[in-house]
Amino acid sequence: MTAVGIDAVEIRTGRLKLDLPNTFAPAKEEDPEKYTKGLGLNASSFPDSYEDIVTMGANAAHRLMERKGLEPEDVGRIDVATESAFDNSKPVSTYVAGCLEQVYDGDFHHANKGERKFACVAATQAVDDAYNWIRAGRNRGRAALVIATDTALYARDDPGEATQGAGAVAMLIDEDPSVVEISTEQGYGSADETDFLKPQQQFPSVDGKRSMQVYLARMREALEDFESVAGETHPDDYAYIPFHTPFPGMVRKAGLLGYRHMIRDTPVEDDLAGEIGRQPRREAFDDEEAYEEAVREYMDALKGTDVYRDWYGDTIEPTLSISREVGNWYTGSVHLARASALRHALENDVDLAGQRLLVGSYGSGAQAEIHAETVVEGWEKEVRAMNVDEQIDARHDLTFAEYESIHDAHNHDKDTDLDPLTTPDGEFAFTGWGRMGERQYEYVE
């Protein structure tokens, strides 16, 4: 069976930077470590006044196509995943295709286009759709372009304000991929939840404590479901485990939960028993509250062990480096985590070919998906071609007053005309409104 997976990845970050410890924290009169140590974030990316989900997505896709030597006829579908869409009918993918057609001789008239929505898990679902389309033999030798693009803004003074971010991840899904092969086996955890939602509003309504609980519960269900078809997992089975990363502090909890699950009834648990005891078993408790308290105490103890710290440092921590500098990208967050892991391996001369990743995606509302990926020979070339570090370093560093202005400029409820803080150069840019209220774009040389 021919391998199907991710053949190339490109990342596009917003052109502006908000420094959390040095700009945001002083303005809020708060301890910088609330952000750097608590949330695990150093900075957030923002779009300039000429940037939005279309420009970021189209710019990422354009660089990918140029680098891979692709023409429009090589692409059979364009799927955009976003929870920042500005039209309830016309999909963002049509805007992206329209942008790309400005710079290519051909067109995407025969490419299937769509828009996926399920909070932050939507891009992984779009990858699944592309995978299935190719597996079904309906692609006619063409590849699929999957784009995760979001502007993750919160209302001013909202508790989630510091986690904001903006950017896009473009992925080429194809046969005989050059980055990772995606497993056939998947696991799901899904339930009707109201942890995070946007009922006809731009900024989200969030129950922060509930959102964390739902995230962990759905991840646990997805891991159990994955194991039901793929077999039991073990911490040593995976080189890296990229999780959905709204902020790195949330991943600390997911990593600990996953590790506890994977070592249960293994020699790892046996070896740790002399130090912290064995995991509590539900059947040993008559009272559910007592059982839950025993689990919390065990996990607190597990978190402090050298074996767990070493595993987390090797397997989870490398997935967080990009997110620390750009904030939450909603649908792109788990795909940033994968890119961070691969970049870490490249920088540290890790031979990843043939090794596996365990990818944990999540979207509020709520659904988690877990699947495995196998890194393929030649992955280094694709990862080396990404220029995300240069983009991060080139961002305009916002003052707090500039941050307030750019936040207002992207607030749909405010009519704010703001001069750009940077100059578009060799990229797609938002240029204004059309006769039916549609957004218009041009490629700026």
- Message: Within segment 422-443, take every residue that is open to solvent by 50 Å² or more (accessible area, probe 1.4 Å) and hydrophobic (A, V, I, L, M, F, W, C) and give me the one that is farthest from THR23 (Cα to Cα).
- Response: MET436
- Consider only pairs whose beta carbons are under 9 Å apart and that are at least six residues apart or on different chains; among these, list those whose first residue lies in segment 242-267 and is at negative phi and whose second residue is surrounded by fewer than 17 Cβ atoms within 10 Å (Cβ to Cβ) and part of a loop (DSSP other than H, G, I, E, B). MET262/GLU232; MET262/HIS234; ILE263/HIS234; THR266/GLU232; THR266/HIS234
- When every residue in segment 328-357 that is part of a loop (DSSP other than H, G, I, E, B) and under 18 Å from GLY313 (Cα atoms) is compared, the one modelled with the lowest pLDDT is ASP351
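Please go through segment 79-129 and pick out each residue that is part of a helix (DSSP H, G or I) and charged (D, E, K, R).
Residues of segment 79-129 that are part of a helix (DSSP H, G or I), as a first pass: 92-100, 122-129.
Scanning segment 79-129 gives ASP128, ASP129.
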- Task: Taking GLU292 as meeting all but one of (1) over 18 Å from GLU221 (Cβ atoms); (2) open to solvent by 40 Å² or more (accessible area, probe 1.4 Å), write down the number of the exception.
- Result: (1)
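What about ALA162, is it open to solvent by less than 10 Å² (accessible area, probe 1.4 Å) and in contact with a Ser or Thr (Cβ under 9 Å, 6 or more places away or on another chain)?
On the way: open to solvent by less than 10 Å² (accessible area, probe 1.4 Å): yes; in contact with a Ser or Thr (Cβ under 9 Å, 6 or more places away or on another chain): yes.
Taking the combined requirement at face value, the residue satisfies it.
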- Item | Filter pass, ALA401 being among the small types (Gly, Ala, Ser) and more than 27 Å from the chain's Cα centre (by Cα) | yes
- Query: Before we move on, is LEU197 surrounded by fewer than 20 Cβ atoms within 10 Å (Cβ to Cβ) and over 30 Å from TRP379 (Cα atoms)?
  - Reply: yes
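Could you tell me which residue of segment 43-66 is nearest to ASP389 (Cα to Cα), considering only residues that are of a type in the set (S, T, N, Q) and open to solvent by 10 Å² or more (accessible area, probe 1.4 Å)?
Of all residues in segment 43-66, those of a type in the set (S, T, N, Q) come to 44-45, 49, 55, 59.
Among the residues that remain, those that are also open to solvent by 10 Å² or more (accessible area, probe 1.4 Å) are: 49, 59.
Working: SER49: 22, ASN59: 16 Å.
So the residue we want is ASN59.
Does at least one position in segment 298-311 carry a residue that is in contact with a strand residue (DSSP E or B) (Cβ under 6 Å, 6 or more places away or on another chain), surrounded by 18 or more Cβ atoms within 10 Å (Cβ to Cβ), within 30 Å of LYS34 (Cβ to Cβ) and touching a residue at least 60 places away in the same chain (Cβ under 8 Å)?
Within segment 298-311, the first condition is being in contact with a strand residue (DSSP E or B) (Cβ under 6 Å, 6 or more places away or on another chain), and the residues that meet it are none.
For segment 298-311, residues in contact with a strand residue (DSSP E or B) (Cβ under 6 Å, 6 or more places away or on another chain), surrounded by 18 or more Cβ atoms within 10 Å (Cβ to Cβ), within 30 Å of LYS34 (Cβ to Cβ) and touching a residue at least 60 places away in the same chain (Cβ under 8 Å): absent.
Hey, can you tell me all the residues within segment 10-56 that are in a helix (DSSP H, G or I), of a type in the set (Ser, Thr, Tyr) and more than 23 Å from LEU336 (Cα to Cα)?
Here is the first cut: in segment 10-56, the ones in a helix (DSSP H, G or I) are 20-28, 33-39, 53-56.
Within this subset, residues satisfying the condition of being of a type in the set (Ser, Thr, Tyr) are 23, 35-36, 55.
THR23 - this is the single residue of segment 10-56 that is in a helix (DSSP H, G or I), of a type in the set (Ser, Thr, Tyr) and more than 23 Å from LEU336 (Cα to Cα).
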- Message: Please pick out the residue among GLU283, GLU224 that is of a type in the set (D, E, K, R), surrounded by fewer than 17 Cβ atoms within 10 Å (Cβ to Cβ), touching a residue at least 24 places away in the same chain (Cβ under 8 Å) and part of a helix (DSSP H, G or I).
- Response: GLU224
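Residues checked against (1) assigned to a loop (DSSP other than H, G, I, E, B); (2) among the basic types (Lys, Arg); (3) open to solvent by less than 60 Å² (accessible area, probe 1.4 Å):
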{"position": "LEU70", "(1), (2), (3)": "yes, no, yes"}
{"position": "ILE134", "(1), (2), (3)": "no, no, yes"}
{"position": "VAL146", "(1), (2), (3)": "no, no, yes"}
{"position": "ARG156", "(1), (2), (3)": "yes, yes, no"}
- Item | segment 369-421: number of residues that are farther than 30 Å from TYR238 by Cα, out of contact with any Ser or Thr (no Cβ under 9 Å at 6 or more places or on another chain) and either polar (S, T, N, Q) or open to solvent by less than 40 Å² (accessible area, probe 1.4 Å) (or both) | 2
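Quick one: is SER361 part of a helix (DSSP H, G or I), within 26 Å of SER190 (Cβ to Cβ), among the hydroxyl-bearing types (Ser, Thr, Tyr) and in contact (Cβ under 8 Å) with a residue 24 or more places away in the chain? Don't jump to the end; show me each part of the working.
Working: part of a helix (DSSP H, G or I): no; within 26 Å of SER190 (Cβ to Cβ): yes; among the hydroxyl-bearing types (Ser, Thr, Tyr): yes; in contact (Cβ under 8 Å) with a residue 24 or more places away in the chain: yes.
The answer is no for SER361.
Kindly indicate whether THR124 is of a type in the set (S, T, N, Q), closer than 27 Å to ALA366 by Cβ, touching a helix residue (DSSP H, G or I) at 6+ places or on another chain (Cβ under 6 Å) and crowded, with 18+ Cβ neighbours inside 10 Å.
Values: of a type in the set (S, T, N, Q): yes; closer than 27 Å to ALA366 by Cβ: yes; touching a helix residue (DSSP H, G or I) at 6+ places or on another chain (Cβ under 6 Å): no; crowded, with 18+ Cβ neighbours inside 10 Å: yes.
Against the criterion (of a type in the set (S, T, N, Q), closer than 27 Å to ALA366 by Cβ, touching a helix residue (DSSP H, G or I) at 6+ places or on another chain (Cβ under 6 Å) and crowded, with 18+ Cβ neighbours inside 10 Å), THR124 does not qualify.
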- Task: Write out, first by first residue and then by second, each pair whose Cβ atoms fall under 6 Å of each other, whose residues are 6+ apart or on separate chains, and whose first residue, in segment 11-26, is under 20 Å from THR331 (Cα atoms) while the second is surrounded by 23 or more Cβ atoms within 10 Å (Cβ to Cβ) and among the polar types (S, T, N, Q).
- Result: ARG12/ASN59; THR13/SER45; GLY14/SER45
- Message: I want to confirm something. Restricting to segment 72-96 and keeping residues that are open to solvent by 10 Å² or more (accessible area, probe 1.4 Å) and of a type in the set (Gly, Ala, Ser), which single residue is farthest from ALA119 (Cα to Cα)?
- Response: SER89
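Residues to consider are GLU232, GLU275, GLU269; find the one that is acidic (Asp, Glu), outside any helix (DSSP H, G or I) and modelled with pLDDT of 95 or more.
Working: GLU275 fails: outside any helix (DSSP H, G or I); GLU269 fails: outside any helix (DSSP H, G or I).
It is GLU232.
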- Message: Let me confirm something: among TYR240, TYR188, which residue is modelled with pLDDT of 95 or more, of a type in the set (Phe, Trp, Tyr) and open to solvent by less than 40 Å² (accessible area, probe 1.4 Å)?
- Response: TYR240
- Message: Please count how many residues of segment 347-362 are over 20 Å from the mean Cα position of the chain (by Cα) and of a type in the set (A, V, I, L, M).
- Response: 3
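The values are calculated or read from the model by the stated rules, or taken from the named source; none is laboratory data. The structure presented is a predicted model; accordingly, all values stated were derived computationally and were not measured. Glycine gets a Cβ as well: all are built from the backbone with ideal geometry, and neighbour counts include every protein chain shown. Accessible surface areas use protein heavy atoms only, side chains included; no ligands, DNA or RNA. Shrake-Rupley method; radii C 1.70, N 1.55, O 1.52, S 1.80 Å.
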